[in-house]
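Here is the structure we will look at.
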Amino acid sequence: MAHPLVTSGQFHVRRTGDFVTLFLEDVLLVAGSGSGHIVTLPGGFRGIMLVRSSRISGFVGLSNNALNIQAISVFGSAVWWNLGIGTGGISLVRPSRGLQGEVTFRTADPWPTVLPGTPG
């Protein structure tokens, strides 16, 4: 479930065994500054520890701009936008373009009995 900080775009989750991948497709945030909660993961897909997006766990950037890496954190069921890391350093100003990319993490949740969302 997306939060009020998100104005448009889509989140998708995929689970294979105990690994979950969260995909962000053109997720646009409300203009402003400061970190914020952007989506809540449903049961069956929650992370077991803090994971931040990186080149190891998954790359999240801005659409059409690979120079501005975005830090996305998964805390259990809560997913947060934390900051932007670009050529000018670190910024808490929310990006004006959509977020693109993925974050992969582990879950200890049991398999869900009902899948969330609508089929694609």
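Does Ala71 qualify as being modelled with pLDDT under 85 and in contact with a Lys or Arg (Cβ under 7 Å, 6 or more places away or on another chain)? Yes, satisfied.
Under the condition of being over 11 Å from Val103 (Cβ atoms) and hydroxyl-bearing (Ser, Thr, Tyr), the residues counted in segment 10-56 number 4. Going by what's in this entry, would Gly76 be described as out of contact with any helix residue (DSSP H, G or I) (no Cβ under 6 Å at 6 or more places or on another chain), more than 20 Å from Phe45 (Cβ to Cβ) and either open to solvent by less than 40 Å² (accessible area, probe 1.4 Å) or at pLDDT 80 or above (or both)? No. Among the residues of segment 85-107, those identified as of a type outside the set (Lys, Arg), part of a strand (DSSP E or B) and modelled with pLDDT of 75 or more are Ser91, Val93, Leu99, Gln100, Gly101, Glu102, Val103, Thr104, Phe105. Of all residues in segment 74-113, those satisfying the criterion of being charged (D, E, K, R) and under 17 Å from the mean Cα position of the chain (by Cα) are Arg94, Arg97, Glu102, Arg106.
The values are calculated or read from the model by the stated rules, or taken from the named source; none is laboratory data. What you are looking at is a predicted structure, and each value in this text was computed from that prediction instead of being measured. Every residue, glycine as well, gets a Cβ built from its backbone with ideal geometry; the counts of neighbours run over all protein chains shown. Accessible surface areas use protein heavy atoms only, side chains included; no ligands, DNA or RNA. Shrake-Rupley method; radii C 1.70, N 1.55, O 1.52, S 1.80 Å.
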